[in-house]
Structures are given as structure tokens and as C-alpha cells.
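Participant: Please see the structure below; I have some questions.
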Amino acid sequence: MTKRIIVTLPGDGIGKTVLNETIRMLDAAGFKADYVEGDIGWEFWKKEGNPLPERTIKLIEKFKIGLFGAITSKPKDEATAELAPELQNKGLIYSSPIVGLRQHFNLDICVRPCKTYKGNPLNFIRRTSDGGFEEPQVDVVIFRQNTEGLYGGVEWSNPPDKVYDALMTHPKFVKNFGNVPRDELSVSTRIFSKKATERILRAAFDYARKYGYKSVTVCEKPNVIRETSGMMFKMAKEINNADYPDIELWNTNIDAQMMWLTKNPENYGVIVAGNMFGDIVSDGFAGLIGGLGFACSAQFSADGIGVFEPTHGSAPKYADYEVSIVNPIAMMESACMMLDFINENEKAQRIRKAISEVIADGKVKTYDMMKMSGRPDVIHKGAASTEQMTDAIISNFA
């Protein structure tokens, strides 16, 4: 039987560490694959002026599946300053390679599950009316539109004539910004298309029906952002009425949702939002299940390409520690989403069961689970290393 080929994208910082440990865990779980490494991230920006080389794009085009670690991103001027001397003053502008991947392959469906692990000391708790505490069970799946909105990259500083003239046709722009010198203006757009909006909405409703969630919540801001947020909610109502009448449709504003996620998080099932608000609410719910060390994600295109990644950053300072202390579970859960994507569901469930058992047992905890600051000496204070956490999970495979 031919092995599946997975493109690994280690990226920067701790991305390399958690990806290597995840592959070791996949091997132990019996997943047979060959791995081809793709170049991506800060080192390639510095020495080539491109954090997403064409050769990496071609690898993903060929093999269709990417397992991604993490990347470092820095502000525009800082990024330019770190280019190799021979690349300076050539007009190169840094842009996030993961955003580049999403847009190149139209990875427009992003899925971010946030589910409570029993026994995790970082789980959200709240006070009860009698002075005690309760631990609500969070089981939320966020569907984030991944290619449009504020992440679409259509923006200007000191907008050119055609853009400025177009803006001046809007009465509110004239009233509020018409007297602002053009070279003092920066403009970022928030663009939604009906086609992409329908795809993310239907993906959310399909998931809710398939896995038995009672509700889909549109989390936007239609009372203020009337055109884009308003369009999404209007389309959601139409789709709900026509094709998913068995599923409740809820509507929350992003600001109110951030309050309600710590008031009654157990009430929510599937949440769908545009790019920025989906990013915000998924990080908020991740905090309730233990933080970014437990936050996994998947992103898909209509033509069958999938890229799977933890939502934490590259945390470069941790990458320099002699013994790695970072929590690999978010990366491992992202790999489980990859296994689901390629119909290796039994292996995915085996891994998830082992992770849950290690957390519930409570004997092996990374520094974040022990509520320590991320310093090298946490290992001497009882925290598990990244490798020790992987070993513990592997030891629980039946």
C-alpha cells in the first residue's frame, strides 16, 4: 500500500519542536506516511525576501496536505531591517506566509474546535450563587471565514488618487475625513463576497447537523458594520430557513459575545464569523479550555487542500531553551484534524483518547498547565518537557 505524503511546514521558533514531536506521536499511533519538508517562515524572508517560496507552494499543490508549525511575523519596518544586505532597498514588503497560503489556495474554511479536557487545571470555572464553584463544559467549534474581510490585504497608506477619489464619493468619508491630509490617512478594507460567505455558513450548518449541535451562532456586528456583517446574517437567515430549519440560528455581536463566553459558554455550539471576529472569538474560547497550548485548527479549500496548524505563535524565546518546555497538544490535536480529513478517524480518536487520559490523570503537566511562567527552570520545578508530554501520550496508546 502506498504511503500518504504529508508536506511538513515547521516554520519558526517552537513550530519546529512541536511539529517534530507530533510526527513522533503519529508514528507511534501507527499512522504510516512519508513527510516532505517545505520551506516557510522568517529565515526565508531574511535570506530570500520571500517567506513563502514558490517551491513550497508547488509541494502543497502536488500533495494537497500541509502540517504546519508556527511562524514569526514582525511589523513592516522591523521586517525590512532584517533582510539580507543584498535585498535591502529593493521594494520588498513582508506579508504573512500563512495568510499567503490561505489566499493562494483559497483555504477559505477555517475550523477551530474549543472543547474542555476533563481534569485540565486551566479549565474555566465560575462562582455559583451559594459561594461555591462550577466548571462548565465548553464544546464550541468556530468557523472562521479565512480569506476575506480585514485580512484580505486591500489597504493603503496615503491612498493613491483613484482610491482617494472613490472614498470622497462617500458622504461619511467627506464629513469625517475630508479635511484630513491624505498623507496622514491609512485605509484598510473589509470585503465580504456572497460566494465565500455562503460557503462558510453552509460549512457551519453542515457541521452542526453532522455532529448534533443544536445551534449555529453568527458572531458579527450588523448593528454597526451594516453592509458586511449585515450581509452575513441576512444570508444565514435565508440558508437556515431554506435548508437547515432543524438547527437554531442565533445572532450575537462580537463585543457581547466576548462577555457571554465567560458568562455562559456552555450554551454555544457552532459559531461562524468573518476573518477578524472569528480570530478573536476563537482565541477567547481557547482561553476557557486552557489557552493556546490546547488550540488547534484546520483550513480547507473547495478543491480538497487542507492545512492543519496550532493557533499559537512561534514563541522564539522558548525555541532557544536547552530543554523544550512548550505544550505540544495543540499541534497534536491539529494533526488529529488532519487524520479526520483523510478518513483516518480511528487513529485520530486513539490519539485524542490518549491525550484526554494524560490530562485527566494529572501526573504529567507542562509549565502552562502548572500555571508557571515560561522559564527554563520549570523543568526542575516539576513541569514536564515537551518530549516528556509526548512520551506520556504515546504510553497511553492502547
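Participant: Which strands (runs of 3 or more DSSP E) does segment 114-212 wholly contain that include 2 or more residues that are loosely packed, with under 15 Cβ neighbours inside 10 Å?
Facilitator: Qualifying strands (runs of 3 or more DSSP E): 155-157, 186-188.
Participant: Can I ask one more? Starting from residues that are of a type in the set (A, V, I, L, M) and surrounded by 18 or more Cβ atoms within 10 Å (Cβ to Cβ), keep the ones in segment 34-67 and report whichever is nearest to Arg4 (Cα to Cα).
Facilitator: Ranking the candidates gives Ile65 first.
Participant: Count, please, the residues in segment 327-363 that happen to be under 22 Å from Phe31 (Cβ atoms) and not in a helix (DSSP H, G or I).
Facilitator: Residues flagged as under 22 Å from Phe31 (Cβ atoms) and not in a helix (DSSP H, G or I) within segment 327-363 amount to 5.
Participant: Just one of Asp361, Asp279, Asp340, Asp368 is surrounded by fewer than 19 Cβ atoms within 10 Å (Cβ to Cβ), at pLDDT 95 or above, among the acidic types (Asp, Glu) and under 20 Å from the mean Cα position of the chain (by Cα); which is it?
Facilitator: Asp340
Participant: Another one. Glu78 - would you say it is at pLDDT 95 or above and among the acidic types (Asp, Glu)?
Facilitator: No, not satisfied.
Participant: Name the residue, out of Phe294, Phe285, that is touching a strand residue (DSSP E or B) at 6+ places or on another chain (Cβ under 7 Å), of a type in the set (Phe, Trp, Tyr), surrounded by 21 or more Cβ atoms within 10 Å (Cβ to Cβ) and closer than 30 Å to Thr390 by Cα.
Facilitator: Phe285
Participant: Of the residues Ala354, Ala330, only one is among the aliphatic types (A, V, I, L, M), buried (at least 18 other Cβ atoms within 10 Å of the Cβ), closer than 17 Å to Leu67 by Cα and modelled with pLDDT of 95 or more; which?
Facilitator: Answer to the check: Ala330.
Participant: Output the residue which, of all residues in segment 24-41 that are touching a residue at least 40 places away in the same chain (Cβ under 8 Å) and not in a loop (DSSP other than H, G, I, E, B), is nearest to Val307 (Cα to Cα).
Facilitator: It comes out as Leu26.
Participant: Give me a count of the residues in segment 237-253 that are under 23 Å from the mean Cα position of the chain (by Cα) and either under 14 Å from Gln145 (Cβ atoms) or part of a helix (DSSP H, G or I) (or both).
Facilitator: So the count comes out to 0.
The values are calculated or read from the model by the stated rules, or taken from the named source; none is laboratory data. For clarity, every value in this text was computed on a predicted model and none was experimentally measured. Here Cβ is always computed from backbone atoms with ideal geometry, including for glycine, and neighbour counts include all displayed protein chains.
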